[in-house]
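A.B. asks: Got a structure here, written out as structure tokens. Questions coming.
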């Protein structure tokens, strides 16, 4: 009877969710898939520590500076601190995945298959690009229009949106520029699936949701426009997630994923 480690069990569950049953996954798949099932990468500890540190420092600086500099607190985003929490959540989910992949690529080196990365448009898809454009591009335009009318709230909101855009760009750039990490046809198929799934680690519409609190509880300008913005940002992102999952290919049954069960 094969005794599996926690990492191997996590990889087995990932493969089962994609229709493949193995008794023991390969070393490559164990490291790549376990981090996608919540098993952390020790190499990511330092980066995670700095993310937590910067998040709480940023939240403290934001709350202190804004409260000190803004006399009318009704001009503040109602849940401004939530942008920092969302950014931290996405980064701490993405970093173990990134470090797990980098460790595998460093160990395999010359044994990696020489395959080109898929085009970025093919990875993201039209709906996902639309969700990004609406959330950050549309939000920035709306914020500038409201700011031109004298809204301090809009200027602060624009800065918070910029934080969300930065986090999404970091994650998506990492996913799109990642080399193909595979040594055979089975791991090549897994690489294609993980790339499409990893795109979903960036969640643009999360940075549109806090505006709902301002629409409901605060006296902000342009409420009809803000309602339309939130509906479009969330709606396009939901459609993007659905279409992205439908685009994920099935793993070939004849691929090598480990010892057969």
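The values are calculated or read from the model by the stated rules, or taken from the named source; none is laboratory data. The structure displayed is predicted, hence computed values, not measured ones. Note that each Cβ is placed from the backbone with ideal geometry, even for glycine, and that neighbours are counted across all protein chains shown.
Here is a yes/no grid of residues against (1) modelled with pLDDT under 85; (2) closer than 24 Å to residue 165 by Cα; (3) part of a helix (DSSP H, G or I):
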{"site": "12", "(1), (2), (3)": "no, no, yes"}
{"site": "23", "(1), (2), (3)": "no, no, no"}
{"site": "32", "(1), (2), (3)": "no, no, yes"}
{"site": "79", "(1), (2), (3)": "yes, yes, no"}
{"site": "84", "(1), (2), (3)": "no, yes, yes"}
{"site": "88", "(1), (2), (3)": "no, yes, yes"}
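A.B. asks: Just for region 14-42: of the residues that are touching a residue at least 24 places away in the same chain (Cβ under 8 Å) and loosely packed, with under 15 Cβ neighbours inside 10 Å, which one is nearest to residue 106 (Cα to Cα)?
C.D. replies: For region 14-42, the residue satisfying everything is 38.
A.B. asks: Then there is this: Looking at 102, 121, 115, which one is outside any loop (DSSP other than H, G, I, E, B) and under 30 Å from residue 8 (Cβ atoms)?
C.D. replies: 102
A.B. asks: Would you check if residue 244 is under 12 Å from the mean Cα position of the chain (by Cα) and within 30 Å of residue 104 (Cβ to Cβ)?
C.D. replies: Against the criterion (under 12 Å from the mean Cα position of the chain (by Cα) and within 30 Å of residue 104 (Cβ to Cβ)), residue 244 does not qualify.
A.B. asks: Of the conditions (1) within 24 Å of the chain's Cα centre (by Cα); (2) assigned to a helix (DSSP H, G or I); (3) at pLDDT 90 or above, residue 146 fails just one. Which one is it?
C.D. replies: (1)
A.B. asks: For region 43-77, how many residues are over 25 Å from the mean Cα position of the chain (by Cα), in a helix (DSSP H, G or I) and either surrounded by 16 or more Cβ atoms within 10 Å (Cβ to Cβ) or modelled with pLDDT of 85 or more (or both)?
C.D. replies: Number of matching residues: 2.
A.B. asks: Among (1) surrounded by fewer than 19 Cβ atoms within 10 Å (Cβ to Cβ); (2) touching a strand residue (DSSP E or B) at 6+ places or on another chain (Cβ under 7 Å), which single condition is residue 258 missing?
C.D. replies: (1)
A.B. asks: Out of region 90-119, which residues are surrounded by 14 or more Cβ atoms within 10 Å (Cβ to Cβ), at pLDDT 90 or above and more than 26 Å from residue 54 (Cβ to Cβ)?
C.D. replies: Passing the criteria: 117, 118.
A.B. asks: Within region 90-111, how many residues turn out to be touching a residue at least 40 places away in the same chain (Cβ under 8 Å) and more than 21 Å from residue 7 (Cβ to Cβ)?
C.D. replies: Residues in region 90-111 being touching a residue at least 40 places away in the same chain (Cβ under 8 Å) and more than 21 Å from residue 7 (Cβ to Cβ): 2 in total.
A.B. asks: Then there is this: Can you report the number of residues in region 211-255 which are under 30 Å from residue 22 (Cβ atoms) and surrounded by 16 or more Cβ atoms within 10 Å (Cβ to Cβ)?
C.D. replies: 3
A.B. asks: Moving on. Quick check on residue 186: is it touching a strand residue (DSSP E or B) at 6+ places or on another chain (Cβ under 7 Å) and crowded, with 19+ Cβ neighbours inside 10 Å?
C.D. replies: No: the conditions fail for residue 186.
A.B. asks: Could you say which residue among 134, 175, 141 is crowded, with 18+ Cβ neighbours inside 10 Å, free of Cβ contacts under 8 Å to residues at least 60 places away in the same chain and assigned to a helix (DSSP H, G or I)?
C.D. replies: Criteria check complete, one pass: 175.
A.B. asks: Take region 178-214 and flag every residue that is free of Cβ contacts under 8 Å to residues at least 60 places away in the same chain and closer than 17 Å to residue 125 by Cβ.
C.D. replies: Residue satisfying the conditions is 200 alone.
A.B. asks: Which residue, of 212, 169, 216, is out of contact with any strand residue (DSSP E or B) (no Cβ under 9 Å at 6 or more places or on another chain) and modelled with pLDDT under 90?
C.D. replies: Selected residue: 216, the only one of 212, 169, 216 that is out of contact with any strand residue (DSSP E or B) (no Cβ under 9 Å at 6 or more places or on another chain) and modelled with pLDDT under 90.
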